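The values are calculated or read from the model by the stated rules, or taken from the named source; none is laboratory data. Keep in mind that what you see is a predicted model, and the values were worked out from it rather than measured. Neighbour counts run over all protein chains shown; Cβ positions are idealised from the backbone, glycine included.
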Amino acid sequence: MISNPAKASANKARSSDQQTILDSGLLTIGFNCVLQMPTGSGKTWLAEQAIENVLLRNQRAIYLTPLRALASELGERWHQRFAGRTVGIFTGDYKAQAMSYQRSQLLIMTPEKLDACTRSWRSHWHWLPDVDLIVVDELHLLGDPHRGARLEGTLMRLIRLNPFVRILGLSATLGNRQELADWLNGVEYGSSRRPIPLSWQVVRYKRAQEKPELLLREAQRAVEAGGQTLVFVQSRRRAEELANALKDSGLRAAHHHAGLDHTVRKQVESAFRSGEVSVLVATATLEMGLNLPVRQVILYDLQTFDGVDFVPLPVNSVWQRAGRAGRPGLDSSGEVVLIAPKWDGQVEHYAKGQFEAIRSGLSQVNGLAEQIITEVASGLCRTQTQLEHVFAQSLAAKQHRLASVSETIGAMLQAEMLQETEFEGQPRLRATRLGYVAVRHMLSPQTVLLFKQILETAFLETYCELSFLDLLMVAASSADCQPLIPVDFEALEDLNQGLAQEPSTLLGLSCGELVDLLQADGKRLLAIFHTALIARTWTRVGATFQVADEHGCYAFEVERLRESMERLLMAMVEIATAVAHPDSPEPDWVTPREKVKILAHMVSKGLDEQTVTLTLVPGIGAKMARQLQQANIADIEDLALAAPNQLTDLPGIAQKRAGQWVEAAEEMVDCHSSAYRYRESLPVGKVTGTRWSPDMADVDPYRLRRALSLKVQGQDGGVYRITGGLDPHRVKLGTGQFSCDCPDFSKGHLCKHILAVRLFRGERNLEELVAALSESGSGLDLFQLWIGA
Amino acid sequence: MAQRSLKTRRGELSFPAYVPVTTFGKKYPLDDLIRPYLHRLAPAAMVSYYYAQEMSPETSLRLPTLVDSGGFAALFEGSRLRQQKGLGVLEINRDDRTEQLHPKTVLEFQEEIADVAFTLDFPIPPELDTKEAKRRQRLTIANAHWALDNRRRRDLPLYACVQAWDVESARSCAKQYANGGFEGIAIGGLVPRARNLELVLGIVRAVREEIGDLPLHVLGLGHPNSLTQLFEAGVDSVDSSSYVRYAASGKLWGQSHQRIEEPTPTDRLHLALCNLATATGKTLPLSSSQMLFSTLRMSGTS
């Protein structure tokens, strides 16, 4: 007899697919299994049944989710669902993790956490072998360009270390489910049956300016029919702007994105669930996982930025978003509205639901290099033969896309991340110190090599000193820096001014040298400058909201950046140690290692280079350092000269402790720990900027530059013919306004064709701008970087 | 026929049983990899007295633990067997120091950590002269009776060890233990005689005739080829490390003419688990059996 009715209800299948799967025993039969079912069809419920089966046998289960927010939501739910069992959450958000790995019977983890556990498997050997089941939610992330290779490597390591573990992969969007199941030597089950069917509608616009009106109309229609609407957009700014516009039109709207504070995000979600908010405008944060079913989903933007350019959204992403539509018990169908331009003939294919195949990230050399060094450093492989065999089992190998293992090993030997030794006459591979840094800090080999290169140069050329900003730029230029905060065109001038005030060696290099060194150019290089400057401001201000305000970003981003920079700088310290010059430096000279270390400290605590010297005294942390600063004790020299009663006036400082601190400060000052030890005396960065008139703010310099290569063939009754681009176009001048028949104009931009015509007509302001584009001033020109010159 | 078994403080040990040998410490790292999985595939595990010293609460086994006496060290170079007050005491030279193995030391340690204990015995290699062989047997018997008389933990099953050089000496030794109060009898010294299966089975049958229904264990013999015959001859349990020794060499039982080229640590783990499953008759999980066998890239040995 089941004494817990809630539990009994929880165990009841709700759909025919769920029942079929339960009856077939797929969840418990012992095979790995790939389940593909639409969003909202109960995959998580099935995962719970599989997990319960494992917990009842007193074994462990892991639930892998890429979203910290979802981990938190499931943790709360499963504490009750599996009452009596210990549920631990391991995502990095739970810094003061109360539950240890060993005590947890159900572990909710992010892929990054599990990756770290498999890399240092010896330290987790007391619990890893007890894991009987791993549920991999959002299995399609195997194809993610950034995280896919790591997830694949993690799963391969796990099943080799624990051959008894069973994998249950879940996804709504797999184009090659059978292939994935074959790779896992398992079975698969797929269903496209949705509890609530979807109806698709395409709403078209001629010009991008029409979109907000179309959105309002569609959202109003759904709300008036008693439903709620979820709108997906491509940027946080757009989410905020549209939500405000909808509110102004009388709808109860809100925005949702990763930049929101955790508490605010939960409040918004709660308000939407309760019906207080009718329309939620969100970024891709809500694409996965979070349970917020609605009547209608509107995809406002059908493009996404892939790091280089805007590209159409993949079918998988569209369906992840569309899948939110339709509320069980309330809607007979879920409505999906795609807002698309008239000229887009491809948009209808989304409704067909032909998902893209998941392609392994180990086809990329960088992804493979990282996994190779991980295998060697963790002691799981020692020879090339072993590595080749291990990666022959990968998804990439199955797809005949695996990058060359032997070539990658060769490159890593050359880069000194691996070395060859001999054992009993046989060659063996070993990770070098640099290799261990990469594995321990979960950095890509690229990042480690970049840091090594920069620090070697700095060390060998004794007087080549890198400033704090330089070191932050180096850290920001690595692929492992998250987030990289881009700069808008409108903010270039502010960036310009900010950089111009900072001591820097790197900004004194030519653009070409800098591009080569940091392996980035154009908008990415600008983003690196911006991100580094934000981090530098943080060390001076130490308050996330203030920094975010100053730089036009989000407090959440500043916090994430702080975490990321701290990790990168700590790795840099280890690399600096590894490349240390054997000769002892002058005692007064700050070695690159010491400088990076103090910078890591500054970033960690949000303290500047002077105040941070206070924290060199044992017992003085960041909070106390700030208090001392406010009491006019700004650095270690001030502390050494302070009278103890100056300190005892501050709360929580007893006479004895004050005396100890002053004494310690005196000793340190005697031993060269000057307050000015880290003060920078480098010249400021030579950054210039093309002056862009505020009257011409709507003229994008990139389009203006492109306009220069076009030919205006002449006019005929106010219509100009433009050639020289991919297609000829016509620009019409009517009642003082230009219009063009190109897609760029239809999106609401001032296109290059119109600019070409205006130049042709001799518009003076534009000609001055063109002249400004051609100026090559001394120093780094941020505008040139923007337009990609 | 009723299922035969032995009750231990950590549960029943059902017979017939293949008991894998494991070690602790740094000498055999493959054992560290295998150990967390033993409880899935085996009913118990055997640890030598020497390696059991390295056990800790974190590394302790999750299944009934059999601890032998360490008397195997009598075969080490430099070791000496002395008689003290009628008991056999072994002096072992190890790492430039001399250790002494006394029945008291062994029993006290076993009472702390073991679920099944074996009395301190002294192997009799085939080439040993009869006088010394008889001396070793006499001291082995004396130690066994001493342990029985001085055991304090009543829930610790104690196996008396038989050491002999032929069938009759084995019978004679077993007679000394029959009806003595031991929970089981173990036959040692058969490893160097393993190739002579007729002799081995003869000794087993002779001992079985003398001890009646008492559980009978054979120390150190556990190749699958001989298991069936040993069980049919009256053996209830065996212990062996050959499942892991084969794996360490990259070999799979049943395919001994082939081996894995450059096995990784996890390859060896997989091989050992396959070997163990073969010996214990346990079924590997579907997902792992496919994976385990697919990792094997056997090639012919030269």
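Details
- Condition check for A:GLU680: at pLDDT 85 or above and among the acidic types (Asp, Glu): no
- For the criterion of being touching a residue at least 12 places away in the same chain (Cβ under 8 Å), more than 14 Å from chain B (Cβ to nearest Cβ), surrounded by fewer than 16 Cβ atoms within 10 Å (Cβ to Cβ) and under 26 Å from the mean Cα position of the chain (by Cα), A:ALA357 passes.
- Residue in region B:58-66 that is more than 28 Å from B:THR280 (Cα to Cα) and either of a type outside the set (D, E, K, R) or within 14 Å of another protein chain (Cβ to nearest Cβ) (or both) present: no
- Within region A:366-434, helices (runs of 4 or more DSSP H) holding 3 or more residues that are within 14 Å of chain B (Cβ to nearest Cβ): A:384-392
- Test for B:SER256: is it without any contact (Cβ under 8 Å) to a residue 12 or more places away in the chain and among the small types (Gly, Ala, Ser): yes
- Cβ pairs under 8 Å, 6+ apart, first in region A:18-42 and at negative phi, second assigned to a helix (DSSP H, G or I) and of a type in the set (Asp, Glu): A:MET37/A:ASP17; A:SER41/A:ASP17
- Where A:GLY345 falls short, out of the listed (1) away from chain B (no Cβ under 14 Å); (2) closer than 22 Å to A:SER444 by Cα: (2)
- Among the conditions (1) more than 14 Å from chain A (Cβ to nearest Cβ); (2) more than 14 Å from B:ALA42 (Cβ to Cβ); (3) not hydrophobic (A, V, I, L, M, F, W, C), the only one that B:SER240 does not satisfy is (2).
- Test set (1) within 11 Å of another protein chain (Cβ to nearest Cβ); (2) surrounded by fewer than 21 Cβ atoms within 10 Å (Cβ to Cβ) - A:GLU112 fails condition number: (1)
- Hits in region B:190-233 (condition: buried (at least 20 other Cβ atoms within 10 Å of the Cβ) and on the phi > 0 side of the Ramachandran plot): B:GLY220
- Test: residue in region B:44-56 that is farther than 26 Å from B:VAL162 by Cβ, out of contact with any helix residue (DSSP H, G or I) (no Cβ under 7 Å at 6 or more places or on another chain) and among the acidic types (Asp, Glu): yes
- Residues that are outside any loop (DSSP other than H, G, I, E, B), of a type outside the set (Val, Ile, Thr) and touching a Phe, Trp or Tyr at 6+ places or on another chain (Cβ under 9 Å) occur at least once in region A:500-519.
- Test: residue in region A:511-519 that is crowded, with 17+ Cβ neighbours inside 10 Å and among the small types (Gly, Ala, Ser): no
- At least 1 residues being surrounded by 22 or more Cβ atoms within 10 Å (Cβ to Cβ) and touching a Lys or Arg at 6+ places or on another chain (Cβ under 7 Å) is the threshold, and among the helices (runs of 4 or more DSSP H) wholly inside region B:1-62 those reaching it are B:38-41.
- The set of residues in region A:716-747 that are at positive phi and surrounded by fewer than 13 Cβ atoms within 10 Å (Cβ to Cβ) comprises A:GLY717, A:GLY718, A:THR735, A:GLY736.
- Among the conditions (1) modelled with pLDDT of 95 or more; (2) in a loop (DSSP other than H, G, I, E, B), the only one that A:MET442 does not satisfy is (1).
- Among the residues of region B:212-262, those identified as of a type in the set (Phe, Trp, Tyr) and either out of contact with any Pro (no Cβ under 7 Å at 6 or more places or on another chain) or within 30 Å of A:THR383 (Cβ to Cβ) (or both) are B:TYR243, B:TYR246, B:TRP253.
- Residue under evaluation B:GLY86, criteria (1) surrounded by fewer than 22 Cβ atoms within 10 Å (Cβ to Cβ); (2) in contact with a helix residue (DSSP H, G or I) (Cβ under 7 Å, 6 or more places away or on another chain); (3) within 14 Å of chain A (Cβ to nearest Cβ); (4) farther than 22 Å from B:GLU112 by Cα, criterion not met: (3)
- Checked against (1) part of a loop (DSSP other than H, G, I, E, B); (2) closer than 24 Å to A:THR173 by Cα; (3) modelled with pLDDT under 85, A:ALA69 meets all criteria but (1).
- Looking only at region A:152-190, residues that are closer than 23 Å to B:PRO36 by Cβ, within 14 Å of chain B (Cβ to nearest Cβ) and among the β-branched types (Val, Ile, Thr) come to 3 in all.
- Residue in region A:478-498 that is buried (at least 19 other Cβ atoms within 10 Å of the Cβ) and without any contact (Cβ under 8 Å) to a residue 40 or more places away in the chain present: yes
- Scoring A:ARG77 on the criteria (1) in contact (Cβ under 8 Å) with a residue 12 or more places away in the chain; (2) away from every other protein chain (no Cβ under 14 Å) leaves a single failure, condition (1).
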